[in-house]
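Worksheet: the structure to be examined is printed underneath.
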Amino acid sequence: MASSPVPAASRKITPAIVKTTAPPKTAGSSTKTPSAPRISGGAYTLQVSALTKEADALELAARLQKKKFPAFVLSPQGDKYYRVQVGPYTDPKAAEAARKGLEDAGFKPIVKH
């Protein structure tokens, strides 16, 4: 299947890598990676994948962001997997709608609470 060239986007989408052991970023901090979403105890996230290569995880998160999903990447914690997640959602109905949207886009997310 031949694909036609895709025009370059006007701005580059950079997925966030969340280092869960790092202290929270302040509004005044300067970094090239966008700040990660704050996930409260009652929030829902959807895990789309767990990958061993950071580049693969970032590429998948970028694809999800192009489809308008709030995707981010969690850095490995005690294992070698970069977890690609979408969210957070405070409302279970919003999380369920996002799960359905991900499934319609060809992904098989796992809901985490």
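Values in this text are rule-based calculations from the coordinates and carry no lab data. Predicted, not measured: the structure shown is a model, and the values here were computed from it. Neighbour counts are summed over all protein chains in view; Cβ atoms, including those assigned to glycine, are modelled from backbone coordinates with ideal geometry.
Would you please give the FRET efficiency between Asp104 and Asp79, computed as 1/(1 + (r/R0)^6) with r the Cβ-Cβ distance and R0 = 25 Å, to the nearest 0.05?
0.25
Among the aspartates and glutamates, select those whose C-alpha is under 18 Å from the C-alpha of Lys108, and discard any that sit fewer than 8 residues away in the same chain.
Those aspartates and glutamates meeting the cut-off are Asp56, Glu59, Glu96.
Give me the number: length gained by fully extending Ala94 to Lys53, i.e. 0.36 nm times residue separation minus the C-alpha to C-alpha distance, one decimal in nm.
My answer for the length gained is 11.8 nm.
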